[in-house]
Amino acid sequence: MYNEKEVYKLSIGAACALTWPPDRIIIQVLDDSTDPFVKELVELECKEWASKKINIKYEVRNNRKGYKAGALRKGMEHTYAQLCDFVAIFDADFEPESDFLLKTMPYLLHNPKIALVQTRWEFVNYNVCLMTRIQKMSLDYHFKVEQESGSFMHAFFGFNGTAGVWRVSAINQSGGWKDRTTVEDMDLAVRASLKGWEFLYVGDIRVKSELPSTFQAYRHQQHRWTCGAANLFRKMAWEIITNKEVSMWKKHHLLYSFFFVRRAIAPILTFLFYCIVIPLSAMVPEVTIPVWGLVYIPTAITIMNAIRNPGSVHLMPFWILFENVMAMHRMRAALSGLLETARANDWVVTEKVGDQVKDELDVPLLEPLKPTECAERIYIPELLLALYLLICASYDFVLGNHKYYIYIYLQAVAFTVMGFGFVGTRTPCS
């Protein structure tokens, strides 16, 4: 936890309600809060549960070194934690059902090769605004396609950092939690996989969680995820190549599919092709883009996502435009991670709204943020791209013959809308 005033009661209550023999479970609250008032609230909540005969430990640190990885590493160093064989991890906004352990633990108990059981996220605020609905579409695809296929084909996928149960011996054998990147969860998963451990994704078990509902919070989250993954690729590529404990097939999957294509190439190529090359080609008659690149591949990706979200088919055009705008942000994050710039280890905790979600479901699809100063809601890179796209679209409309201007105009509008912050909800707790 880190200053989680809005959600600490929900998550602590859910963890304390887990069904398991009381003498064989310890609830550990790792609180890195810097707000003394919030720390006091969390500690009082833990004491209240302790008075109900719940074995709960409230742990704090003197500093935030290593952020989440540092907190997890410190938490595992306690004597009582070292006596445990398994650890279930939940971020502050996650609320597992009481039977979570009863459903996940059998997989680990009956198969000693499994290091991790990952469950699916369920979103309590997905219908708050258009941005959260788009996030749900992307994450549904991630869990159903990427995580499930990785579990089935390779017994490997990236740990999502929460809503999963780890075998402690696998964590220790893999070197424990490391804070060298902002994706400590993926780091541990890759190292455990290189030690020969297997992972299992169980999509039937779902854990309630919260999606970022402001554009700024979502940008910070995507930067952390994209930059951290690219940075981890830079740091672990040679270690994967020289590893002698896994097959060449698994090495190929890790290096090419998991890291190179999805974490390095995809964000860069998506932005350059759909937001730079296509618009620019409208101004250069000699440039012809193959139909397979312009139509077939985007259509196939869209159809795959639509199949996973039949109830959101009408939102697919918005999803495409939104993802293309975010591709610029992800490309910058990926390059920052690959080049290990000063921002490579930036860690901004995602803002939560907790119970406020239940009271604010009437937020319209598009609502501007309400920061204290107008400048805080303006994103210059998005607006510059919008201007570039408007110029290309207007040229194609007046002088060109590609007929790309319809798409380019729509994309320019998307960049403009997001550039002025007219997406998501108002800032939490404002």
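The values are calculated or read from the model by the stated rules, or taken from the named source; none is laboratory data. This structure is a prediction, so every number in the text was calculated from the model and none was measured. As a convention, Cβ positions derive from the backbone with ideal geometry for all residues, glycine included, and neighbour counts pool all protein chains shown. Remember, those area values only see protein heavy atoms, side chains included, never the ligands or the DNA or RNA. Shrake-Rupley method; radii C 1.70, N 1.55, O 1.52, S 1.80 Å.
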Partner aspartates and glutamates for residue 352 [C-alpha distance under 13 Å; skip if fewer than 8 residues away on the same chain]: 4, 6, 91, 93, 210
With every protein chain in place, the stretch 131-274: carbon and sulfur % of accessible area (1.4 Å): 58
Surface/4 of the Cα convex hull for the stretch 7-213, nm²: 11.7
Computed label-point distance, nm, for sites residue 146 and residue 380 using a 7 Å Cα→Cβ extension: 3.1
Theoretical FRET efficiency, 1/(1+(r/R0)^6), r = Cβ-Cβ of residue 52 and residue 242, R0 56 Å, to 0.05: 0.60
The stretch 211-218 - phi-based ³J(HN,Hα) in whole Hz, Karplus 6.51/-1.76/1.60, Gly and Pro as x: 8, x, 10, 10, 5, 5, 4, 5
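Below 8 Å, C-alpha to C-alpha, sequence gap of six or more: please give me the relative contact order for the stretch 7-213 in percent.
Details: 313 pairs, mean separation 57.9, N = 207.
That works out to 28 percent.
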For the stretch 319-352 versus the stretch 37-90, the gap between their alpha-carbon centres in whole angstrom: 30
Partners for residue 251 among lysines (Cα-Cα distance below 21 Å; same-chain residues under 8 apart left out): 113, 195, 235
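Sorted from largest to smallest, which semi-axis lengths in Å does the alpha carbon gyration tensor of the chain give for its equivalent ellipsoid, taking the root of 5 times each eigenvalue?
On the way: eigenvalues 303, 138, 73 Å².
Taking √(5λ) for each Cα gyration eigenvalue gives 39, 26, 19 Å.
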Stretch in the chain that is longest and holds no GluC sites (Glu not before Pro) that DSSP places in a loop and that have at most 12 other beta carbons within 10 Å: 78-244
For q = 0.16, 0.20, 0.29 Å⁻¹, Debye-computed log10 I/I(0) when each Cα of the stretch 90-134 counts as one equal scatterer: -0.60, -0.77, -1.10
Residue 272-residue 173 pseudo-label distance in nm [points 7 Å out on the Cα-to-Cβ vector]: 4.0
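If you roll a 1.4 Å probe over the heavy atoms of the protein chains, what accessible area per residue do you get for the stretch 7-213, in Å²? Kindly include the intermediate steps, with their values, before the conclusion.
Working: 8860 Å² over 207 residues.
Averaged over the residues of the stretch 7-213, the accessible area is 43 Å².
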